[in-house]
1. So residue 55 fits all but one of (1) assigned to a loop (DSSP other than H, G, I, E, B); (2) touching a helix residue (DSSP H, G or I) at 6+ places or on another chain (Cβ under 8 Å); (3) farther than 21 Å from residue 141 by Cα; what number is the exception?
2. Would you confirm, using the coordinates I've provided, whether residue 120 is modelled with pLDDT under 95, on the phi < 0 side of the Ramachandran plot and touching a helix residue (DSSP H, G or I) at 6+ places or on another chain (Cβ under 9 Å)?
3. Hey, among the residues in the stretch 208-232 that are in contact with a helix residue (DSSP H, G or I) (Cβ under 8 Å, 6 or more places away or on another chain) and more than 17 Å from residue 23 (Cα to Cα), which one's modelled with the highest pLDDT?
4. Could you list, ordered by first residue, the pairs with Cβ atoms under 7 Å in which the first is in the stretch 114-142 and in contact (Cβ under 8 Å) with a residue 12 or more places away in the chain and the second is assigned to a helix (DSSP H, G or I) and surrounded by fewer than 16 Cβ atoms within 10 Å (Cβ to Cβ), at least 6 apart or interchain?
5. Quick check on this structure: which one of 48, 35, 60 is on the phi < 0 side of the Ramachandran plot, part of a helix (DSSP H, G or I) and in contact with a strand residue (DSSP E or B) (Cβ under 7 Å, 6 or more places away or on another chain)?
6. In this structure, does residue 241 turn out to be part of a helix (DSSP H, G or I), farther than 21 Å from residue 25 by Cβ and either in contact with a strand residue (DSSP E or B) (Cβ under 8 Å, 6 or more places away or on another chain) or modelled with pLDDT of 95 or more (or both)?
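The values are calculated or read from the model by the stated rules, or taken from the named source; none is laboratory data. What you see is a predicted model; the values in this text were computed from it and never measured. Cβ atoms come from the backbone with ideal geometry, glycine included; neighbour counts cover every protein chain shown.
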């Protein structure tokens, strides 16, 4: 029996760690050929080899999606290699926390570049191919899954610009969903709570000591595979079914 995504192609950004790694694995297990997009080439090549050894198909694409030309090239390489694109998972993200007062605006610019501009670049480049895939099969539907956050639903002190980027992702996703629903390109947002990934590792020692470490000590975080499960669920629904929003939380954080 064919797997649910046999004959399809998926592109996953931020595929060198965390959620991106497990999303790529699970999509490959479902039969999709997977383009792995991130900046850390060695990690991508290791994951691609793992997927291939397990019987799947993967392509490592080194790219910084905050650069529009590189994002477009990543999509182009994927389509040149596999001939199509059916699924886009916008997973790459950056979370830098702290007060707005006295903040380093360069940190804001980095978050906006990855969380917003990178997502826009890859989406814009992918859309013609996704629309074509929805028209021509094999599933007669295509998917965009944007990885947002509970921080796109609720704002907290010291999360200001991260909140801004994730509220923006949610708003963009809903608008695009309405635009494309009639053309069978499903656009959904997945909002995780706390997940045990590298996301918080770029913060300074004070943020870790005052915010992240105490929270992590009190709560059992999700693991990346939990979010990959959600992504896989969203993109393997029947053509008639679209998951517009999926909110996945640790039980004791909810």
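1. Status for residue 55: all satisfied but (2).
2. no
3. 212
4. Once the first residue is in contact (Cβ under 8 Å) with a residue 12 or more places away in the chain and sits in the stretch 114-142, its partners that are assigned to a helix (DSSP H, G or I) and surrounded by fewer than 16 Cβ atoms within 10 Å (Cβ to Cβ) give 121/68; 131/183; 134/183.
5. Details: 35 fails: part of a helix (DSSP H, G or I); 60 fails: part of a helix (DSSP H, G or I).
Just a single option satisfies the conditions, and that option is 48.
6. So residue 241 does not fit the description; no.
Listed here are the residues, each with its yes/no results for (1) closer than 16 Å to residue 87 by Cβ; (2) touching a residue at least 40 places away in the same chain (Cβ under 8 Å).
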residue	(1), (2)
189	yes, yes
197	no, yes
233	yes, no
239	yes, yes
245	no, yes
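For every residue, the table says whether it meets (1) modelled with pLDDT under 95; (2) under 27 Å from residue 243 (Cα atoms); (3) in a helix (DSSP H, G or I); (4) under 18 Å from the mean Cα position of the chain (by Cα).
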residue: 65; (1), (2), (3), (4): no, yes, no, yes
residue: 75; (1), (2), (3), (4): no, yes, yes, yes
residue: 110; (1), (2), (3), (4): no, no, yes, yes
residue: 125; (1), (2), (3), (4): no, yes, yes, yes
